[in-house]
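To start, the structure under review is shown below, and the notes come after it.
The values are calculated or read from the model by the stated rules, or taken from the named source; none is laboratory data. This one's a predicted model, so the numbers in the text were calculated from it and none came from an experiment. Here the Cβ is made from the backbone with ideal geometry for all residues, glycine too, and neighbour counts use every protein chain on show. Areas reflect the complete protein model, heavy atoms only, side chains present, ligands, DNA and RNA absent. Shrake-Rupley method; radii C 1.70, N 1.55, O 1.52, S 1.80 Å.
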Amino acid sequence: MAQQDDVFKKIVSHAKEYGFVFQSSEIYDGLSAVYDYGQNGVELKNNIKRYWWEAMTLLHENIVGIDSAIFMHPTIWKASGHVDAFNDPLIDNRDSKKRYRADVLIEEQIAKYDEKINKEVAKARKRFGESFDETMFLQTNGRVAETAAKRNALHERFAEAMNAGNLEELRQIIVDEEIVCPISGTRNWTEVRQFNLMFKTEMGSTADGAMAVYLRPETAQGIFVNYLNVQKTGRMRLPFGIAQIGKAFRNEIVARQFIFRMREFEQMEMQFFVQPGREMEYFAYWKEQRLRWHKALGLGDDKYRYHDHEKLAHYANAATDIEFRMPFGFKEVEGIHSRTDFDLSQHEKFSGKKIQYFDPERNESYTPYVIETSIGVDRMFLSVLCSSYEEQQLEGGDTRVVLHLPEALAPVKCAVMPLVKKDGLPEKAREIVNDLKFDFATHYDEKDSIGKRYRRQDAIGTPFCITVDHQTLEDGTVTLRERDSMQQQRVAVADLHRLIHDRVSLNSLLRKLA
Ligand code: GAP
């Protein structure tokens with residue numbers, strides 16, 4: 001675990017050093033849990049968004065996009081349940097004066113039990129080698145069975161307390177499990193209280209009677225309140241989807257792990273409207289589709305798992321998370337929820353407007369059911385960054401840091417480098433850049449030794465480096481170097497476009513989904 005922590009710290013500092021992610025307001029000592037994307041980060045982020053947007057809107061004839069405003073009528077948040085129920089249970093430690101999420105403290109305790117079990121399994125696997133039977137070991141090893149029983153009992157008690165909104169019980173679990181504050185090391189806890197996560201502000205001047213508005217905590221409601229507009233103006237017939245990418249804001253109390261949990265973040269959400277009774281079919285469809293989208297990136301199929309929700313929110317009849325193995329464990333990156341007709345019905349009730357669909361085949365009107373896919377751009381960014389980072393030992397004792405980014409997502413696709421800054425090589429290199437730049441993000445680099453220039457591009461994940469040398473002037477060929485294998489081949493300048501395009505285009509990624 002300590003080793004994983006070290007790797008994560010290195011990834012965070014690499015992200016800063018190479019212009020991917022900066023702490024917000026850094027020169028003023030930063031603003032907690034708010035981050036800025038730098039020159040390379042914004043390109044990687046835009047490529048992730050494009051991959052999602054095109055997978056949704058180009059590959060599905062029945063999905064269209066919108067871009068709704070961040071400010072919305074405050075009653076929307078009453079109807080959606082956010083005003084009353086978008087809360088986190090908080091607890092303070094009286095000695096350190098630090099505030100924690102009670103549910104997170106308990107989840108961390110469950111993770112400690114899991115870690116203990118995993119360590120025992122790893123030890124036994126080493127001892128027994130090939131003949132090791134994990135299922136048998138988990139059932140028969142006394143120490144492991146005892147830890148697993150404690151873990152399961154805690155998990156059950158926790159789920160019940162959360163489901164019932166029983167704050168006293170949450171506190172009692174913290175006390176019974178002897179959980180201490182990581183800062184003070186004491187168990188001097190306050191009561192548990194609910195804390196609403198929405199940011200509130202005012203619209204209009206106070207003299208006019210300002211209206212309290214919220215910064216949206218999810219983009220989904222902007223889709224629900226535009227359901228009728230899109231359905232009617234787009235003459236959409238069920239089933240159809242509305243996709244949206246945009247900022248969301250939550251006053252997170254436990255804001256840790258870099259861009260994993262932020263106060264200002266971005267979501268890519270799609271609401272798929274279906275006939276009532278067909279929602280389970282589409283839930284299964286989207287569950288499978290979304291995992292395919294993730295896996296097509298080639299980050300490693302073993303890095304994903306589903307986490308089906310056992311306890312469901314009152315409006316959902318099925319829910320699952322796609323979790324990704326981050327350096328700090330498997331974590332939710334995307335949620336897929338079957339939200340029934342809850343949201344549209346609530347908006348119908350609160351707005352007084354009829355929000356229904358006339359089904360010409362059934363010759364009746366009804367409220368559509370909804371399957372939602374909701375993914376955080378920043379979490380997706382983090383999963384791509386973490387799984388791409390490698391410190392490589394090279395032959396001859398040399399090392400390099402390389403980002404094995406999926407080529408279609410890389411911020412820079414190719415870098416063109418004259419071997420020396422004379423003899424007409426820079427001019428020839430510029431000529432190549434001026435041709436390639438219309439199709440690919442292309443860098444020109446003539447500073448430092450060629451080795452240093454390769455390392456710089458490896459560190460930002462550039463898939464190809466093109467070196468222009470004296471032979472180029474004679475026969476029109478260049479050296480094309482691949483990031484991952486570091487192999488170099490001599491190719492004709494005229495072939496560059498085709499060779500690069502075949503590998504880096506979003507098109508090739510999207511085709512894997514078709
Ligand atoms: N409309 C449903 C919804 O908002 P959610 O599980 O609260 O569901 C969906 O959020 C996704 O948004 C999560 O899977 C995660 O990727 C991302 N997300 C949520 N809170 C976040 C935060 N504080 N920082 C970064 N990403 C967040």
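Mind listing whichever residues of region 377-423 are basic (Lys, Arg), modelled with pLDDT of 95 or more and within 18 Å of Arg481 (Cβ to Cβ)?
Result: Lys413, single match.
Assess whether Glu269 counts as being open to solvent by less than 20 Å² (accessible area, probe 1.4 Å), among the charged types (D, E, K, R), within 12 Å of the ligand (Cβ to nearest atom) and within 30 Å of Arg511 (Cβ to Cβ).
yes
Within region 388-399, is there a residue that is within 29 Å of Lys49 (Cβ to Cβ), free of Cβ contacts under 8 Å to residues at least 40 places away in the same chain, touching a strand residue (DSSP E or B) at 6+ places or on another chain (Cβ under 8 Å) and buried (at least 21 other Cβ atoms within 10 Å of the Cβ)?
no
For every residue, the table says whether it meets (1) among the hydrophobic types (A, V, I, L, M, F, W, C); (2) touching a Lys or Arg at 6+ places or on another chain (Cβ under 9 Å); (3) under 30 Å from Glu168 (Cβ atoms).
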| position | (1), (2), (3) |
| --- | --- |
| Met198 | yes, yes, yes |
| Ser205 | no, no, no |
| Met211 | yes, no, no |
| Ala243 | yes, no, no |
| Lys247 | no, yes, no |
| Arg261 | no, yes, yes |
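Collect the residues in region 438-470 that are under 9 Å from Lys413 (Cα atoms) and open to solvent by 60 Å² or more (accessible area, probe 1.4 Å), keeping them in residue-number order.
Residue satisfying the conditions is His443 alone.
Filter the strands (runs of 3 or more DSSP E) completely within region 200-264 down to those with at least 3 residues that are modelled with pLDDT of 95 or more and either within 16 Å of the ligand (Cβ to nearest atom) or aromatic (Phe, Trp, Tyr) (or both).
So the answer is 240-249.
Inside region 334-353, can you point out the residues that are among the charged types (D, E, K, R), closer than 15 Å to Gly81 by Cα and either without any contact (Cβ under 8 Å) to a residue 60 or more places away in the chain or crowded, with 20+ Cβ neighbours inside 10 Å (or both)?
The first filter runs over region 334-353 and keeps only residues among the charged types (D, E, K, R), leaving 334, 339, 341, 343, 348-349, 353.
Filter again for closer than 15 Å to Gly81 by Cα, leaving 339, 341, 343, 348-349.
Arg339, Asp343, Glu348 - these are the residues of region 334-353 that are among the charged types (D, E, K, R), closer than 15 Å to Gly81 by Cα and either without any contact (Cβ under 8 Å) to a residue 60 or more places away in the chain or crowded, with 20+ Cβ neighbours inside 10 Å (or both).
Of all residues in region 165-184, count the ones that are assigned to a helix (DSSP H, G or I), of a type in the set (A, V, I, L, M, F, W, C), touching a strand residue (DSSP E or B) at 6+ places or on another chain (Cβ under 8 Å) and touching a residue at least 40 places away in the same chain (Cβ under 8 Å). Break it down into steps so the answer makes sense when it comes.
Initially, region 165-184 is screened for residues assigned to a helix (DSSP H, G or I), giving 167-176.
Right, trim to of a type in the set (A, V, I, L, M, F, W, C) and you get 167, 170, 173-175.
Add one more test, that the residue is touching a strand residue (DSSP E or B) at 6+ places or on another chain (Cβ under 8 Å), and what stays is 167, 170, 174-175.
Next, only the ones that are touching a residue at least 40 places away in the same chain (Cβ under 8 Å) stay: 167, 170, 174.
The qualifying residues number 3.
Condition (residue is of a type outside the set (D, E, K, R), open to solvent by less than 60 Å² (accessible area, probe 1.4 Å) and without any contact (Cβ under 8 Å) to a residue 60 or more places away in the chain) applied to region 499-509: is it met by at least one residue?
Looking through region 499-509, at least one residue is of a type outside the set (D, E, K, R), open to solvent by less than 60 Å² (accessible area, probe 1.4 Å) and without any contact (Cβ under 8 Å) to a residue 60 or more places away in the chain.
With the structure loaded, tell me whether Ala313 is crowded, with 18+ Cβ neighbours inside 10 Å and either closer than 29 Å to Ile259 by Cβ or under 18 Å from the mean Cα position of the chain (by Cα) (or both) or whether it fails that test.
No.
With respect to Asp378, determine if the residue is within 11 Å of the ligand (Cβ to nearest atom), assigned to a helix (DSSP H, G or I) and either hydrophobic (A, V, I, L, M, F, W, C) or under 24 Å from Lys287 (Cβ atoms) (or both).
yes
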